[in-house]
Structures are given as structure tokens and as C-alpha cells.
Amino acid sequence: MAVGVPFTARVSRVGPLVMRDTKGAIAFDTRGRVAGGEANTAYVWSCATDGAARLALRLLQEGYKVATATRPMNAGGRDFPRGSFVARVERNDRSLHARIAQLAKTSGVYVVAVNSAYTEHGDTGIGSENVVSLKKPNIAVVVDGPVSAESYGWMWFLFERRLGVRFTAVRADRIGSMELDRYNVLVIPDGGPGIATALGGGVAAVKDWVSRGGTLVCLDDAAELPTLASVGLSSSKVVGVPAKAKKEDEEIPDPDSSAAEASRRPQFIPGSVFWADPDPRQWLTWGFGPGRIPVMLQGSTMLTTTREGANALRFDRVPLTATGWTWPETERRLANTAFAVDEPNGDGHVVMISGPILFRGYWRNTERLLTNALLYGPALD
């Protein structure tokens with residue numbers, strides 16, 4: 001039952017079945033259901049709801065065919081945002097009808113049964129070429145060595161208890177000798193640049209695997225890994241890390257100058273929340289509402305924007321600090337950097353997220369960045 005309950009806490013009294021936002025609109029309904037009975041054409045649900053990714057992941061894991069709309073879609077007389085999910089009746093076994101009805105309830109998702117592939121307006125309907133089939137995520141998560149045990153633990157809880165998704169834990173020093181082709185997603189939780197040393201010969205194996213279609217997801221301090229010159233998987237860099245080694249006879253700048261500040265990492269942030277601007281066209285941020293998103297930063301890893309990929313979440317507009325303690329230099333150095341980057345490499349993707357998206361299991365605001373990487377990364381260009 002724990003897998004089927006979308007909350008992590010237990011209470012001594014019955015809570016509300018419907019949660020509403022400040023405008024009175026329904027934000028989450030534990031009475032998830034399929035509206036319209038058995039569908040003749042497809043089942044469709046918005047990616048913006050809290051349990052949408054869980055429902056899609058469970059169906060894919062159980063062998064059902066699920067697709068996503070890469071543009072805003074109209075189906076069954078309703079409008080759905082880009083990234084919404086489609087389970088076509090003709091591409092699945094008849095057991096889909098009963099299974100999606102059951103999972104909709106335990107995921108708290110409102111699913112619409114659609115009986116026609118025609119669209120009432122717009123150019124994207126259920127049968128459009130903009131509706132792309134997703135792939136079942138086969139997930140490996142790096143553990144041990146420089147990987148933070150706490151970060152791995154939060155992710156373990158997310159996959160096993162909140163999403164009900166299977167994954168394989170692999171030691172960093174085994175990456176080079178394992179069959180990476182058994183997986184299409186490799187996640188590295190929080191870990192410093194020492195992860196490159198721990199991987200050893202596995203770095204070359206990972207690069208080859210990414211070029212052939214794998215999705216590498218690096219979180220928190222591990223986001224520095226793809227930026228290293230010895231790895232070369234991203235045009236993004238870490239703020240304050242020089243591109244080349246300093247020469248012995250190079251003049252040392254005044255310690256109070258801007259040149260000296262640019263040559264060192266930012267001061268360590270103990271854990272504060274900042275405002276970031278999403279790119280609504282990029283699949284990492286599908287499902288987020290309009291406006292800026294509060295994200296958490298802890299540490300001294302800030303990513304410059306990528307030239308070759310997409311900057312899904314950027315620190316564009318001041319003031320940046322939402323809450324928490326910061327240094328006098330923090331906002332200045334954070335400005336115009338990226339929180340989440342998608343860097344295409346060959347047929348695959350490298351996703352870098354510079355903060356703790358699952359901090360202690362309760363900071364769930366940016367959890368969707370990870371679930372989007374699992375769902376969309378293996379399937380979309």
C-alpha cells in the first residue's frame with residue numbers, strides 16, 4: 001500500500017480528499033479517476049498534475065505503450081499542455097482499461113477517455129506526428145565511492161516508495177566493466193569531481209554509451225563531471241573553475257579584484273532557495289506552471305549556460321534570492337547561470353542539475369526535473 005499512497009507522512013485523522021490552490025482551483029485530488037468510461041481511442045492525462053509522471057512510469061514499467069505530445073494538444077474537447085501523456089487503445093492490450101483506472105486512483109490523476117483522434121482546434125491531436133512514443137526507462141544509479149550516501153538514499157526512497165519504479169544500483173568503479181547497454185538512463189547522485197577518478201576507465205564507456213542514445217543525469221555537485229576537460233561532455237562550465245591550468249610566472253591578481261573573484265569558486269551556500277526561469281519549450285521543465293520556480297542550492301557548484309544544448313532553468317532576473325542566507329557575492333555570481341542543462345551528445349543526452357532536487361526527501365518542487373529526464377530523455381531528440 002505504501003507504494004500506492006502519494007504522501008510520505010501518516011496522520012491520525014482523515015485528511016482532505018481535495019486540495020485547492022489560493023484561487024480555489026483543484027491542485028491535487030486523491031480521488032484520481034478515468035472520466036468517460038472505457039476509451040475507444042486513447043486515454044490522455046496532463047503532465048502538470050502531481051502524479052502524472054508516476055502513472056506514466058508505472059504503465060511503461062508494466063509493458064504498456066505510452067506516448068507524449070511535444071506540442072500543446074487538443075483531445076476529447078480539452079486542451080493539454082506539451083508533455084502530456086497518451087495511452088492509445090489500439091497499441092495496448094485490453095487489460096489497459098482496468099489497469100489505468102486502478103493506477104489513476106492510486107496516483108491521484110484525472111485521466112480523460114477519448115473516443116476520437118480528431119482535434120477540435122490546433123494542429124496536434126492524438127494521431128499527430130507531434131505525439132511521440134516513449135521508451136521504458138531502464139535505470140541504473142551510481143552508488144558508493146564519492147557519491148553522497150544521503151543523496152542516494154533520497155533517490156532510493158523516491159524510486160521505490162513514491163514512484164514504484166525499479167532501478168539497479170551500480171558501484172562507480174564497476175561502470176567500465178558492466179553492460180551499460182542494458183540501461184538507457186544512468187543517474188549519478190550528488191558527488192564531487194572525484195567521481196571521474198572513481199569511474200576510471202568507465203568515463204570512456206559512458207561517453208560511448210551516451211553517443212549511442214543513453215541519458216546521463218548528473219545531480220548537485222556531480223553536475224561538474226560532464227564539464228571536466230578530461231570528460232568533455234558539455235560546453236557548460238563550473239563558475240570559478242579555470243579552463244586551463246595557471247602558469248607559474250602568471251601574475252597574481254589583486255585578491256579584491258573582479259579578476260580574482262572570477263578565478264575562484266563561489267562561496268559555499270549552506271542551503272538557500274532562489275528563483276529560476278524555466279524554458280517552457282524544453283522537455284526538462286514540461287509540467288511546471290508559468291512564472292519563476294523556486295529551486296534550492298547547497299554548495300559552490302554553479303553552471304555557466306551551455307552553447308550547444310538547452311538551458312532549461314536559468315537564473316535570469318534579479319532579485320534571485322527567495323529565502324535563506326547568502327553571501328554578498330552570491331547573487332552577483334549566480335546571475336545568468338543555469339540550474340538545469342540538457343546537453344545533446346550524439347543520439348543521447350547529458351542532463352546536469354546543479355542543486356539538490358530531492359533534499360532530505362521533502363524538497364519536492366524540482367523532483368519533476370528528474371522524472372522528466374527519466375521519461376523524455378530516452379525518447380526525444
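The values are calculated or read from the model by the stated rules, or taken from the named source; none is laboratory data. On a predicted model such as this, the values are computed, not experimentally measured, just so you know. Here Cβ is always computed from backbone atoms with ideal geometry, including for glycine, and neighbour counts include all displayed protein chains. Only protein heavy atoms, including side chains, enter the accessible area calculation; ligands, DNA and RNA are left aside. Shrake-Rupley method; radii C 1.70, N 1.55, O 1.52, S 1.80 Å.
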(message) Looking at G291 and the list (1) at pLDDT below 95; (2) surrounded by 14 or more Cβ atoms within 10 Å (Cβ to Cβ); (3) over 11 Å from the mean Cα position of the chain (by Cα), which single condition is not satisfied?
(response) (2)
(message) Being open to solvent by less than 10 Å² (accessible area, probe 1.4 Å), assigned to a strand (DSSP E or B) and closer than 22 Å to G192 by Cα is the filter here; which residues of region 300-322 pass it?
(response) L303, L313
(message) Conditions first: (1) surrounded by fewer than 15 Cβ atoms within 10 Å (Cβ to Cβ); (2) under 23 Å from G192 (Cβ atoms). R364 passes all but one, so which condition is the exception?
(response) (2)
(request) Give the residues of region 144-157 that are hydrophobic (A, V, I, L, M, F, W, C) and buried (at least 20 other Cβ atoms within 10 Å of the Cβ), sorted by residue number. (result) V147, W154, M155
(request) Return a yes/no flag: does region 54-62 have any residue that is surrounded by fewer than 19 Cβ atoms within 10 Å (Cβ to Cβ), touching a Phe, Trp or Tyr at 6+ places or on another chain (Cβ under 8 Å), among the polar types (S, T, N, Q) and under 30 Å from M178 (Cβ atoms). (result) no
(request) Scan (1) touching a residue at least 12 places away in the same chain (Cβ under 8 Å); (2) surrounded by fewer than 17 Cβ atoms within 10 Å (Cβ to Cβ) for the single condition R332 breaks and write down its number. (result) (1)
(request) Out of the residues in region 92-115 that are farther than 20 Å from S133 by Cβ and polar (S, T, N, Q), state the one that is farthest from the chain's Cα centre (by Cα). (result) N115
(request) Name the one entry in A140, A98, A169 that is open to solvent by less than 40 Å² (accessible area, probe 1.4 Å) and within 24 Å of L55 (Cα to Cα). (result) A140
(request) Specify which of the listed residues (W325, W283) is in contact (Cβ under 8 Å) with a residue 60 or more places away in the chain, open to solvent by 10 Å² or more (accessible area, probe 1.4 Å) and aromatic (F, W, Y). (result) W283
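Condition check ((1) more than 17 Å from the chain's Cα centre (by Cα); (2) over 17 Å from D144 (Cα atoms); (3) surrounded by fewer than 18 Cβ atoms within 10 Å (Cβ to Cβ)) across all residues:
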position: W209; (1), (2), (3): yes, yes, no
position: G214; (1), (2), (3): no, yes, no
position: A222; (1), (2), (3): no, no, no
position: P226; (1), (2), (3): no, yes, no
